[in-house]
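Undergrad: One structure coming up, written as structure tokens, with questions to follow.
The values are calculated or read from the model by the stated rules, or taken from the named source; none is laboratory data. What you see is a predicted model, and the numbers here were worked out from it, not measured in a lab. Every residue, glycine among them, receives a Cβ derived from its backbone with ideal geometry; neighbour counts consider all protein chains shown. These area figures cover heavy atoms from the full protein model, side chains too; ligands, DNA and RNA do not enter into them. Shrake-Rupley method; radii C 1.70, N 1.55, O 1.52, S 1.80 Å.
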Amino acid sequence: MCLQESLSNVYYVSSKTINKLIQVHDRIFCCIAGSLADAQAVTKAAKFQISFHSIQMESPPLVKAAASVLKELCYNNKEELQAGFITAGWDRKKGPQVYTVALGGMLLSQPFTIGGSGSTYIYGYADAKYKPDMSKEECLQFATNALALAMGRDNVSGGVAHLVVITEEGVEHVVIPGDKLPKFHNE
């Protein structure tokens, strides 16, 4: 995003294709919302701390430990930050996990969560369509539909769906261009 002012004109350029999924360790990602600069600063600091923790422990970090690092960074800087995070990943102790790290540093474990400006449009969809123990294909469809619905209603939500499948076997990136997303209403 770029804002440039001159004496007579104001130009605003925004990218709707930015990838809001940031890898903080091998099998741990954060989905960012809010101020991009704040989110980048926090995830950069978190990556360093999580990597250092992993070296000290001589093992990959737990997803909850990574989420806790983000929580501490958000809490300790709550007066300055305008960013929230969804932290998700897989570890050997608890398997797949999802955590919300909200503005101000609240940490909450959930089976699924949504966030960002587009999320206000899809709470009903997410509550109605989420079910435990979905297959990989069902999860991808659930996430794709949720993103498409949010993007269709929220003019600041992205135009490309970036998804990550995180399992014991590894990480798979899925990118769905805006013209390939499902449509649910006349846009």
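Undergrad: Counting other Cβ atoms within 10 Å of each Cβ, which chymotrypsin sites (Phe, Trp or Tyr not before Pro) in the range 72-175 have at most 16 and sit in a DSSP loop? Walk me through the numbers before you get to the answer.
TA: Numbers: sites: Tyr75, Phe85, Trp90, Tyr99, Phe112, Tyr121, Tyr123, Tyr125, Tyr130, Phe142; in loops: Phe112, Tyr130.
In loop regions of the range 72-175 (DSSP not H, G, I, E or B), the sparsely surrounded chymotrypsin sites (Phe, Trp or Tyr not before Pro) are Tyr130.
Undergrad: So which lysines pass the test for Lys44, namely a Cα distance under 28 Å, with those fewer than 8 places away in the same chain ruled out?
TA: Filter leaves Lys16, Lys20, Lys64, Lys71, Lys78, Lys93, Lys94.
Undergrad: Further, regarding this structure: Using only the alpha carbon atoms of the chain, find the Kirkwood hydrodynamic radius as the inverse mean reciprocal pair distance, in angstroms to one decimal.
TA: 17.5 Å
Undergrad: Follow-up question, since we're still on this one. Dividing the alpha-carbon Rg of the range 53-160 by 2.2 N^0.38 Å yields what? Don't skip to the answer; put the middle values down first.
TA: Working: Rg = 15.5 Å, N = 108, 2.2 N^0.38 = 13.0 Å.
So the Cα radius of gyration is 1.19 times the expected 2.2 N^0.38 Å.
Undergrad: Once you place label points 7 Å from the Cα toward the Cβ at Lys183 and Asp133, how far apart are they in nm?
TA: 3.8 nm
Undergrad: Can you give the calculated 222 nm mean residue ellipticity of the chain, where each DSSP H run of n ≥ 4 adds -39,500 (n - 2.57) and the sum is split over every residue, rounded to the nearest 500 deg cm²/dmol?
TA: Working: 4 runs with 61 residues, N = 187.
After summing the helix terms and dividing by the residues of the chain, the value is -10500 deg cm²/dmol.
Undergrad: Could you tell me the relative contact order of the chain? Use alpha-carbon pairs under 8 Å, at least six residues apart, and round to a whole percent.
TA: On the way: 307 pairs, mean separation 34.9, N = 187.
About 19 percent, as a whole number.
Undergrad: Count charges around Ile28 for me, please; just the other residues with Cβ under 11 Å from its Cβ, Lys/Arg as +1, Asp/Glu as -1.
TA: Values: positive: Arg27, Lys47, Lys64; negative: Asp26, Asp91.
Its environment carries a net charge of +1.
Undergrad: At a probe radius of 1.4 Å, what is the per-residue accessible area of Asp179, in Å² to the nearest 10?
TA: 120 Å²
Undergrad: Select from Gly34, Pro61, Ser135 the residue farthest towards the positive end of the dipole of the chain; place +1 on Cβ of Lys and Arg, -1 on Cβ of Asp and Glu, and compute about the Cα centre.
TA: Ser135
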